[in-house]
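Working notes, beginning with the structure itself.
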Amino acid sequence: MSRTLYRLEGCPYCERVVDRLDELGIDYHSIWVEAMHSRRNRVKEVSGQRQVPVLVDDEYGVTMAESARILEYLDASYGDQAN
């Protein structure tokens, strides 16, 4: 899988990204992270910070956080390919 979404259960920002991925028909793998920021070491290793959501898109060599930026990226990169 070339796309991975680091997300937290119940996170509305994460759900916005999930909804857009689904709308665009983009396959991805979810990695659920710990609720406590101090335990999000895996997210920090990948993105340099502990905030979620974080999207890693190996196809384009992109790693980014912040739901608004991720949504813009998905629309710009995959919007034309939507079903």
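Just a few scattered comments:
- Some residue of segment 52-66 being touching a strand residue (DSSP E or B) at 6+ places or on another chain (Cβ under 7 Å) and among the polar types (S, T, N, Q): yes
- Residue 67 being surrounded by 15 or more Cβ atoms within 10 Å (Cβ to Cβ), at pLDDT 95 or above and among the hydroxyl-bearing types (Ser, Thr, Tyr): yes
- Taking the criterion of being within 17 Å of residue 11 (Cβ to Cβ), outside any helix (DSSP H, G or I) and open to solvent by less than 70 Å² (accessible area, probe 1.4 Å), the residues of segment 36-49 that qualify are 40, 49.
- In the set (1) in contact with a Phe, Trp or Tyr (Cβ under 7 Å, 6 or more places away or on another chain); (2) over 13 Å from residue 74 (Cα atoms), the condition left unmet by residue 5 is number (2).
The values are calculated or read from the model by the stated rules, or taken from the named source; none is laboratory data. Quantities reported herein were computed from a predicted structural model and do not represent experimental measurements. Neighbour counts run over all protein chains shown; Cβ positions are idealised from the backbone, glycine included. Heavy atoms of the whole protein, side chains included, go into the accessibility calculation; ligands, DNA and RNA do not. Shrake-Rupley method; radii C 1.70, N 1.55, O 1.52, S 1.80 Å.
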